[in-house]
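The values are calculated or read from the model by the stated rules, or taken from the named source; none is laboratory data. Predicted, not measured: the structure shown is a model, and the values here were computed from it. A quick note on method: Cβ atoms are made from the backbone with ideal geometry, for glycine too, and the neighbour counts reach across all protein chains shown. We work out accessible area using only protein heavy atoms, side chains counted, and drop any ligands, DNA or RNA first. Shrake-Rupley method; radii C 1.70, N 1.55, O 1.52, S 1.80 Å.
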Amino acid sequence: MTTTHNVWRPHGPRGQSPGPSQRARGAAGSILATLAISAASTTVLWPAPSASAAPSAERAANGVATLPLSQLLSLARRGAIRSAVLDTAADTVSGTFTEGGATRDYESAYPSGYGVRLTEQLLADRVNLSAAPAAQGGSYATAVAAIGGGTFLVALWIALAARRRRSGAGVHPGRFGGSQSAANPAGFAKGHGEQAEVPPTRFSDVAGLDEAVDDLSELVDYLKDPERYQAAGADLPRGFLLVGPPGTGKTLLARAVAGEAGVPFFAISASEFVESYVGVGAARVRALFDRAREAESAIVFIDELDAIGRSRSSHSVPGNEERESTLNQLLVEMDGFATSASVIVLAATNRPDILDQALLRPGRFDRQIAVPTPDRRGRLRILDLYLHRRHVAPDVDPDVLSRRTAGFSGADLANLVNTAALLAVRAGKHSITSSELDEALATVALGPARKSVSVAAGDRRITAWHEAGHALVGLWLEHAADPISVSIVPRGQAGGVTWFPGHDDMFLSRRQATAQLAVAMAGRAAEELLLGDDFTQGAAQDFKAATELARRMVTEYGMGSTGPGFVLPEETRIGVLAERVHASVQALLDEALSCARDLLSPARDVLERVAARLLLEETIDAAVLQELAGRPLPGSGEPQSTVRRELARPPGGHAIAGAA
């Protein structure tokens, strides 16, 4: 029975977190409140009418004379203006003047901007001048500024809210560093907002990784009973780094550890920490570890650690500030665990060579656990695990399938079985047969067969001879692997393909390497027998693969005429050493081509028979090939049906692609 741990304290009434509709209403309320404040400020700042700006008719009824500005200035020069009150807000001047021995009130308007000059003229005429008190409120420009300011605040609030939703900093459910919804109280996820709960995955769901499971079993025991370790004074490593190629099951292992220990699982990709704004990633790291500490016992899993854990350099590169800030915060958090908190950090990477050394020191990621591609027994267990969940025909032999899938990762095998299941459904079958697995293996390696492609008769004949050359040289050379299938059905960019079995051997001898070179060059040798000097470009990919192998034989394996030693790539570009390396590589290729010619030239009739059968059937297996070549089946003790069904793919197996 799986127990779900609700780690976080709920928020809101009755222990409920605000849902999406509540957050929407809150956002709308905030916008309306901002608009109301803006309107209120506009009302306050809008200029109220001045007393001096009353209508002229009303003031005339009260005995106030309205004087033109020219008359006002004339009266001021004669000394008839006794007082003047200047109202710059209304662009008016008012006061008293003497007319026929009587004193009367007056009002006069002046053009906007004329107030300063009018003041100077009135003062020059010795008029008793004063200014009207400023009216409450502001000018029209002030009101416009208030409206613009309020609008800007609303736009700024909306932009910040959108930014927080995108970055997961506050309003996006299922992200860290912000509010949580009722559907996701944990708020942590690896891409899709999963809750931080105990995963249902167990070690029984992991196959082919026995050594890694053994290393992590101690961690599970510690999380289940930490007191036993603390009583003995034993401290478990704070961090475990899972290192291996893509698809080998690193995330599956981390989930299995949390599931076996019965603790919450916080999973996130390191790339989710990185943002364009400095400080956001560091804040997310703090939020992640704060919540993990609240859980007391938990697994924190960081996938693709190299996204933030790359080595720091002394030279500052623009754009690296945020990543380095996030890395520094991660280093601090991994040092800051309380001794009573059973929080373990698991991380995964396929690039351990570029990680910062501060991450790998004791006290942080103390232990590295290798998660390699499985060997044959591991592949057999993985295939049993995936095939057990599906309907499989009796003719499917997982052991044979495990032998021909050397180099496959767990994800590759899962894809292989799923592709076979899809092909079975497409064919109207209710179970997976060996033919679907064979076709799935070829599809995964080179792509689906291009059966609708119309290939000219001359091209098909050249392809048949080309592939027959690969197959026969592989069959006749003592140290070469026997071919298991030859086909001239176009797949991907290849016009044909010769399949060789894979192996899990750790070492490659010089004779095996030179045999591989001869097999690769056999396609060109066969074309020369068919076309003479007018051969085609069909061997281009063969030359590329052969040249790469020969270069490694010379520069890395010490198998060339230059003798033992490792030659750096930059040393092969120019100079005496580069010339020696190129000459040694070319000598190996020439020797391989001569070997293929020597094998095929006396056996032109066999080459013709194999090519003719390929043109007729398009695909032949090992048994047919050996029958046509006049060579018995290898005495390996395997039944003929096993050899007939056996098929391999690169990189563990060889697939020699022919002319396109």
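For the stretch 608-620, name all the residues that are touching a strand residue (DSSP E or B) at 6+ places or on another chain (Cβ under 6 Å) and open to solvent by 30 Å² or more (accessible area, probe 1.4 Å).
Step one: list which residues in the stretch 608-620 are touching a strand residue (DSSP E or B) at 6+ places or on another chain (Cβ under 6 Å), which gives 613, 619-620.
Selection gives Arg613, Thr619.
Determine whether the stretch 146-168 contains at least one residue that is modelled with pLDDT of 75 or more, in a helix (DSSP H, G or I) and open to solvent by less than 30 Å² (accessible area, probe 1.4 Å).
yes
Can you pull out every residue in the stretch 91-135 that is among the hydrophobic types (A, V, I, L, M, F, W, C), open to solvent by 50 Å² or more (accessible area, probe 1.4 Å), assigned to a helix (DSSP H, G or I) and more than 14 Å from Gly79 (Cα to Cα)?
Val116
Which count do you get for residues in the stretch 349-369 that are open to solvent by 70 Å² or more (accessible area, probe 1.4 Å) and either part of a strand (DSSP E or B) or under 30 Å from Ser434 (Cα atoms) (or both)?
First, pick out the residues of the stretch 349-369 that are open to solvent by 70 Å² or more (accessible area, probe 1.4 Å): 351, 353, 357, 361-362, 367-368.
Filter again for either part of a strand (DSSP E or B) or under 30 Å from Ser434 (Cα atoms) (or both), leaving 367-368.
Residues meeting the conditions: 2.
For the stretch 301-324, check the following and say yes or no: at least one residue is more than 15 Å from Phe365 (Cβ to Cβ), crowded, with 24+ Cβ neighbours inside 10 Å and modelled with pLDDT of 80 or more.
No, that holds for no residue.
Before we move on, is Glu436 modelled with pLDDT of 90 or more, within 19 Å of Phe543 (Cα to Cα) and open to solvent by less than 40 Å² (accessible area, probe 1.4 Å)? First the steps, then the outcome.
Details: modelled with pLDDT of 90 or more: yes; within 19 Å of Phe543 (Cα to Cα): no; open to solvent by less than 40 Å² (accessible area, probe 1.4 Å): yes.
Answer is no for this residue.
Run down Val400, Val425, Val417 and say which single residue is out of contact with any Cys (no Cβ under 8 Å at 6 or more places or on another chain), in a helix (DSSP H, G or I), closer than 24 Å to Lys250 by Cβ and β-branched (Val, Ile, Thr). Quick ask: steps written out before the conclusion?
Working: Val400 fails: closer than 24 Å to Lys250 by Cβ; Val425 fails: closer than 24 Å to Lys250 by Cβ.
None of the others qualify; the one that does is Val417.
Exactly one of (1) part of a loop (DSSP other than H, G, I, E, B); (2) at pLDDT 90 or above is unmet by Pro632. Its number?
(2)
For the stretch 542-561, enumerate the residues that are closer than 15 Å to Glu591 by Cβ and of a type in the set (Ser, Thr, Tyr).
Answer for the stretch 542-561, where residues must be closer than 15 Å to Glu591 by Cβ and of a type in the set (Ser, Thr, Tyr): Thr547, Ser561.
For the stretch 553-596: of the residues being among the charged types (D, E, K, R) and open to solvent by 90 Å² or more (accessible area, probe 1.4 Å), which is nearest to Leu529 (Cα to Cα)?
Of the stretch 553-596, the ones among the charged types (D, E, K, R) are 556, 570-571, 573, 579-580, 590-591.
Remaining after also requiring open to solvent by 90 Å² or more (accessible area, probe 1.4 Å): 570, 573, 579-580, 591.
On the way: Glu570: 39, Arg573: 35, Glu579: 32, Arg580: 32, Glu591: 18 Å.
Applying the filter and picking the extreme gives Glu591.
Tell me which residues, restricted to the stretch 325-340, are open to solvent by 20 Å² or more (accessible area, probe 1.4 Å) and of a type outside the set (D, E, K, R).
Listed by number, the residues that qualify are Ser325, Asn328, Gln329, Val332, Gly336, Ala338, Thr339, Ser340.
Applying the selection to the stretch 463-487, what residues are crowded, with 24+ Cβ neighbours inside 10 Å and under 16 Å from Arg604 (Cα atoms)?
Result: Thr463, Ala464, Trp465, His466, Glu467, Ala468, Gly469, His470, Ala471, Leu472, Val473, Gly474.
In this structure, does Ala539 turn out to be touching a Leu at 6+ places or on another chain (Cβ under 7 Å) and touching a residue at least 40 places away in the same chain (Cβ under 8 Å)? Full working, then the answer.
Working: touching a Leu at 6+ places or on another chain (Cβ under 7 Å): no; touching a residue at least 40 places away in the same chain (Cβ under 8 Å): yes.
Answer is no for this residue.
Residue-wise test of (1) aromatic (Phe, Trp, Tyr); (2) in contact with a His (Cβ under 6 Å, 6 or more places away or on another chain); (3) open to solvent by 20 Å² or more (accessible area, probe 1.4 Å); (4) touching a residue at least 40 places away in the same chain (Cβ under 8 Å).
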site	(1), (2), (3), (4)
Pro226	no, no, no, yes
Val243	no, no, yes, yes
Gly247	no, no, yes, yes
Phe266	yes, no, no, yes
Ser271	no, no, yes, no
Val274	no, no, yes, yes
Phe289	yes, no, no, yes
Glu294	no, no, yes, yes
Ala298	no, no, no, yes
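Out of the residues in the stretch 425-465 that are in contact (Cβ under 8 Å) with a residue 12 or more places away in the chain and among the β-branched types (Val, Ile, Thr), which is nearest to Arg389 (Cα to Cα)?
Filtering the stretch 425-465 for residues that are in contact (Cβ under 8 Å) with a residue 12 or more places away in the chain and among the β-branched types (Val, Ile, Thr), the one nearest to Arg389 (Cα to Cα) comes out as Ile432.
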